[in-house]
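Below is one structure; the comments refer to it alone.
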Amino acid sequence: MAHDSPLIPSPDQVTYDAYLRVSDLIRLQHPLSRPEHHDELLFIVIHQTYELWFKLLLHELDAVVANLRAGAARGADDEVYEAARLLRRCTEVARVLVEQFTILETMLPTHFLAFRGRLRPASGFQSEQFRELEFLCGMKDPKMLRYHEPTPEAYASLERRLKEPSLKDVFFDALKSLGIMPEVDKHATDETVFRARAAAILSIYRDERRCRHWIDVCERLTEFDELIVSWRLRHIQMIERTIGVRLGTGGSSGASYLKMTLDKKFFPELWEARTLLTEG
Ligand code: HEM
């Protein structure tokens, strides 16, 4: 009905384009191949789409951190509920990230090789936001900073993330301040800290009636972990299908290097707790 009597914005009103900056967005794709290869636009658009979703994930996960902190400070459940709600959004975005590779797989290996040389030495290693996501979730490898030396702003953001408490730190600090997890001696070994964390998760699952929202947070974090591993696996499968076992443009051994990242989990304590649960 509204469609029969369109509302045309007056010059001083916001328009679809002014709000969403679509005209800027659709001019941000600059293929390098000459003559331009048909599939290079797909290659650029898919990466840009991933980066937009990474941006949203960082925004949501920062809000999860803020909610967990506030929930712990107030000893209240509302913020824990909100953290779980936002984490659900993150898992849905991550599901899309896993699925999206099928679009890129419509590109023939021969077509990619026709313009791949132009990209070198650009590489996914230089995705600042992907690394920020890892650092934010507690997977901090300072060696990865070196790929960002040519871009000082990205380097500074990553350095900041490296120093800041991660989502994982904030999550376990919240459990400590709520008395769910005991304080661990600051000289304790990594193994002792890991065991204490897994035991705290176990106690949450054993007290379902009082810890519903915390269980929801744990379930969403576990699912997020699962989906990021799926993302890593699909990325490798797509690479093998497209370039086989060639070296990466960023200088790694390619798929065989990435396979070593498949064991990486953000929250291994959440997985360990499942083994510790007793039957019956
Ligand atoms: C034909 C398509 C693609 C190929 C052949 C490819 C290949 C590779 C290779 C070989 C690496 C290892 C680093 C290197 O030596 O360059 C890598 C890393 C990476 N790629 Fe891709 N990739 C492709 C598409 C994508 C897409 C669509 C994304 C989405 C953002 C992406 C994100 C990343 C990230 C974040 C890393 C770093 C992973 C880590 O350090 O664990 N790649 N890629």
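The values are calculated or read from the model by the stated rules, or taken from the named source; none is laboratory data. Note that the structure is a prediction, hence the values are computed from the model and not measured. Using ideal geometry, Cβ is built from the backbone for each residue, glycine included, and neighbour counts are taken over all protein chains shown.
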Per the list (1) away from the ligand (no atom under 13 Å from the Cβ); (2) under 19 Å from the mean Cα position of the chain (by Cα), residue check on Ile228 breaks on (1)
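In the range 105-117, how many residues are near the ligand (Cβ under 8 Å from one of its atoms) and part of a helix (DSSP H, G or I)? Spell out how you get there, then give the answer.
Kept after step one, since they are near the ligand (Cβ under 8 Å from one of its atoms), are these residues of the range 105-117: 107, 112, 116.
Narrowing further to those that are part of a helix (DSSP H, G or I): 112, 116.
Matching residues across the range 105-117 total 2.
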Report whether or not Thr102 is among the hydroxyl-bearing types (Ser, Thr, Tyr), out of contact with any Pro (no Cβ under 9 Å at 6 or more places or on another chain), part of a helix (DSSP H, G or I) and more than 11 Å from the ligand (Cβ to nearest atom).
-> yes
Could you check how many residues of the range 121-140 are more than 9 Å from the ligand (Cβ to nearest atom) and not in a helix (DSSP H, G or I)?
-> 4
Complete set of residues in the range 141-182 that are more than 16 Å from the ligand (Cβ to nearest atom) and small (Gly, Ala, Ser) | Ala156, Ser166, Ala174, Ser177, Gly179
Considering only the range 238-270, state which residues are assigned to a helix (DSSP H, G or I) and either more than 11 Å from the ligand (Cβ to nearest atom) or out of contact with any Phe, Trp or Tyr (no Cβ under 9 Å at 6 or more places or on another chain) (or both).
-> Ile239, Glu240, Arg241, Ala255, Ser256, Tyr257, Leu258, Lys259, Pro268, Glu269, Leu270
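Would you mind finding the one in Arg34, Arg89, Arg95 that is exposed (fewer than 10 other Cβ atoms within 10 Å of the Cβ) and at pLDDT 95 or above?
Numbers: Arg89 fails: exposed (fewer than 10 other Cβ atoms within 10 Å of the Cβ); Arg95 fails: exposed (fewer than 10 other Cβ atoms within 10 Å of the Cβ).
None of the others qualify; the one that does is Arg34.
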Residues of the range 227-280 classified as exposed (fewer than 15 other Cβ atoms within 10 Å of the Cβ), among the acidic types (Asp, Glu) and more than 20 Å from Gly138 (Cβ to Cβ), total = 1
